[in-house]
Amino acid sequence: MGILEEHAAIVTGGGTGIGLGVAQKLGQAGAHVMICGRREEQLREAEAVIRGAGGIVNAVVADVATEEGAAAVVEAAYNAYGAVDILVNNAAVSGGGRIAEHDVATWDRVIAANLRGPFLMARAVLPIMHKQKRGYVVNISSESGIEHYPGNGAYGVSKHALNALSEFIQRENQELGVRVATICPGMVATPMTDGYDGLDRRKCLFPEDIADLVLYLVTRRRNVKIGTPILMQTMVNPWRSSDEE
């Protein structure tokens with residue numbers, strides 16, 4: 001019997017990368033997992049991987065940056081499993097620029113995916129967690145949510161704001177048994193980072209590193225709260241210096 005037997009989890013952006021790694025890990029621990037994303041083919045492939053390892057999983061094609069999409073995912077999870085114990089807000093997109101000349105369309109797209117989506121998912125799932133008197137929200141942020149990198153624009157701002165959103169959710173809901181954690185990884189080898197110039201993927205974090213931390217967090221005793229945000233980095237800089245090229 002897995003440590004998360006009979007628990008129900010939602011993982012947004014669960015078709016690839018960090019989201020898939022987290023969904024696999026939770027499934028291996030016995031959780032019933034609902035993954036979602038905007039690309040059906042990736043979700044079906046992820047379902048096959050998780051089921052092939054013995055996990056229980058379902059998938060919903062949805063854009064959680066819309067009210068309708070977020071509501072559909074939470075409703076599907078609750079209808080399938082009768083509870084939502086864990087929400088992992090992982091879905092995100094990249095995009096930046098210097099503020100003085102930042103493209104407005106890019107700004108809106110990134111803020112919608114990286115901040116509006118987690119807000120809408122939390123808003124949709126919290127009433128269920130209140131009724132259960134338990135629940136764990138894990139927001140996957142970024143090192144860019146702690147540091148300030150010039151030119152990081154919308155992405156960096158969205159992740160700083162996500163960290164703040166996490167703290168508001170924690171303070172407003174902890175008396176109802178809801179816990180919140182925010183993980184801020186450095187560079188992770190995922191499809192999103194494929195093709196980054198100068199990045200040595202061998203020296204990056206990998207999705208399973210973040211997945212291991214998520215599992216650790218959600219399996220602590222209910223009276224244990226881990227301070228956030230949690231910065232996760234590699235010991236060796238994954239960016240190649242000029243003399244290595």
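Since every read-out is calculated from the coordinates, none of them should be taken as a lab result. Note that the structure is predicted; figures quoted are calculated from it, not measured. Backbone-built Cβ (ideal geometry, glycine too); neighbour counts: all protein chains shown.
Place a +1 charge on the Cβ of each Lys and Arg in the stretch 8-244 and a -1 charge on the Cβ of each Asp and Glu, then give the dipole magnitude about the Cα centre in debye, rounded to the nearest 20.
On the way: 23 positive and 25 negative charges, 192 e Å.
Once rounded to the nearest 20, the dipole reads 920 debye.
Can you quote the Å³ per residue value for the convex hull of the Cα atoms in the stretch 8-244, rounded to an integer? Spell out each step's value before the answer.
On the way: hull volume 29.5 nm³, N = 237.
Measuring per residue, one finds 124 Å³ for the Cα hull of the stretch 8-244.
Restricting to bridges with both residues inside the chain, how much of the DSSP beta-bridge set is antiparallel, in percent to the nearest 5?
5 percent
Enumerate the aspartates and glutamates that Lys225 could reach by cross-link, defined here as Cα to Cα under 19 Å, with residues fewer than 8 away along the same chain left out.
Asp85, Glu167, Glu172, Glu175, Asp212
Put +1 on the Cβ of each Lys and Arg and -1 on the Cβ of each Asp and Glu in the chain; which of Ala65, Ser142, Ala23 then has its Cα farthest toward the positive end of the dipole?
Highest projection toward the positive end goes to Ala23.
With the alpha-carbon atoms as the only input, what is the per residue convex hull volume for the stretch 1-146 in Å³? Mind showing how you got there, number by number?
Numbers: hull volume 16.4 nm³, N = 146.
That works out to 113 Å³ per residue.
Could you check the spin-label model distance between Gln174 and Ala80? Points 7 Å from the Cα along Cα→Cβ, value in nm.
In this crude spin-label approximation the distance works out to 3.2 nm.
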